[in-house]
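As structure tokens, the structure follows; a few thoughts come after it.
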């Protein structure tokens, strides 16, 4: 079995993002970048499946600028066998990413495609579902538990009401929740080894994919600031404030 | 052209966020048609037809629509989409799972999780866990939109009499199969719509201590929330999680207990009207968004809080 894992390079989750003064976007210069957290879960799950002897090859893929290779390298250091970078400039919308991934799926013919359920930069939560639509494959989104049963995958999904279990036939797309597993750290020897693993590079033109933007960004603004609150000295004061000042209880 | 709103329901009742989605849809175009896809869901069709903002209900029935698999729903939505300018659903796990599958089939770049309709093609949506808001304009001829339910009021539910049109079902997608759903039943208000939410974090230390939260929630008729740290530690089940990848809540009162206030948690609650933070670490980031902060040990503060509530003559419900 072959597993394709899609990853994205995003601003690190611990960074307090800042809006550019001219409202044209988010400040990304000199900001720490990392892999999208649920994509780490996607890689981890693929590696676990390979370690269990159920997969033979893991390919890590990303769509993004040249520097996104760092994110592919990280996946290689954790256990992916080879990498693919689809090199683009600027923001690429999920539909375009899904179309680019579709081309690679056609070429590589994986049995499973994993990715995080959502990227923490644009918070779109679209790419996996879109890719499964384009391929007309089953989709198992927001997965918190996966069990492989021959050519069937049993997936537990995190839904608003609790948990849902579905079975999908392979090939299938799985989008991963943070609760799926505990991503490992790459060891130093593996980081060194990952430097020798191959990364193939394509452009959207090579793949014949139109990645032109369909959604124009008009402006980006800071959220409205909350007015500064107060510290209360006691529980009695707190309850009194809630009752008499805020009038919410 | 009108808006096609995809209803979320459980074949017996309309789910509450559908009402918020109808309000959002009617701000894009006043001709809102609701597509109801289900199995033996005649009561839901009737309920939808009585909503004054709804101009027509399209109703499709089939056994394979029972459990809302996106693979079964999407082809039907695509089939009826031709005459509509917008396709809309709520941005909860139902809509998040379904809408991108529809959008990709129609070659539309979806706009997710909007909090405001500026015009029929321009919307505001949060990015970076709500640390920035983007105004975006869709240039696709048809739009696929999911809406953040807590940013729109629920629509009226009575007084209308929209026609119900039965439409033919599409074929079953046989490669995906629903097995089971484990819903946690509760007598408390739903987290997404509750007027008051009391949430616990890692500071609760274990699951048993959530009893302290439960007692106060009972007294205030509140829903119970949690930080991801508390859910991951196994103190409480996942449907209680508030945050970037959990639920977004906008109650009148949010009480955060033993929650430090990671960016990802704040993303799910910082639009609440009044925020209370109870934490023994005076430097915790949660205090930066709190209207009322109490720097105290929660194991002392929560029993006192309950005592104080018990002393009150009346509590709003």
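Taking every DSSP beta bridge with both residues inside segment A:137-193, roughly what % is antiparallel (nearest 5)? Antiparallel bridges make up about 80 percent of those DSSP assigns within segment A:137-193. Peptide A:14-26 is shielded by partner chain Cβ atoms: per residue, an average of 3 of them sit within 10 Å of its Cβ. The relative contact order of chain B comes to 14 percent, based on Cα pairs under 8 Å that sit 6 or more residues apart. Helix B:210-220 and the longest principal axis of the Cα set of chain B meet at an angle near 70°. Within the listed set A:105, A:174, A:97, the residue fluctuating most in the Gaussian network model of chain A (springs between alpha-carbon atoms under 10 angstrom) is A:105.
Our note on the geometry: Cα centres of segment B:1-73 and segment B:200-234, 34 Å apart.
Return a whole-number percent for the relative contact order of segment B:196-311, with Cα pairs under 8 Å and 6 or more residues apart as the contact set. Relative contact order for segment B:196-311 comes out at 25 percent.
Per residue of peptide A:170-182, the mean number of Cβ atoms on other chains within 10 Å of the residue Cβ is 2. Neighbouring Cβ atoms from other chains, within 10 Å of the Cβ of residues in A:210-222, number 5 on average. Between the Cα long axis of helix B:298-311 and the first principal axis of chain B there is an angle of about 80°, rounded to the nearest 10.
Rounded if a/c is under 1.5, else prolate if a/b is larger than b/c, else oblate: which is the protein assembly as shown, with a ≥ b ≥ c the root eigenvalues of its Cα gyration tensor? Note, shape of the protein assembly as shown comes out oblate. Judged by the ratio a/c of the largest to the smallest principal axis of the C-alpha gyration tensor, segment A:123-187 counts as rounded, that ratio being less than 1.5. Contact order, relative form, for chain A: 23 percent (alpha carbon pairs under 8 Å, 6 or more residues apart, mean separation divided by residue count). Taking every DSSP beta bridge with both residues inside the protein assembly as shown, roughly what % is antiparallel (nearest 5)? If we restrict to bridges inside the protein assembly as shown, about 35 percent are antiparallel.
Among A:39, A:160, A:106, whose mean-square fluctuation peaks in a Gaussian network model of chain A (Cα, cutoff 10 Å)? Ranking A:39, A:160, A:106 by mean-square fluctuation puts A:160 first. Distance between the C-alpha centres of segment A:176-249 and segment A:48-79: 22 Å, rounded to the whole angstrom. Comparing A:92, A:15, A:232 in a Gaussian network model of chain A (Cα springs below 10 Å), the most mobile by mean-square fluctuation is A:232.
DSSP assigns beta bridges within chain B; of those with both partners inside it, close to 20 percent run antiparallel.
Taken together, the values in this text are just the output of simple stated rules run on the coordinates, not laboratory data. Keep in mind it's a predicted model, so treat the numbers as computed, not measured. Cβ atoms come from the backbone with ideal geometry, glycine included; neighbour counts cover every protein chain shown.
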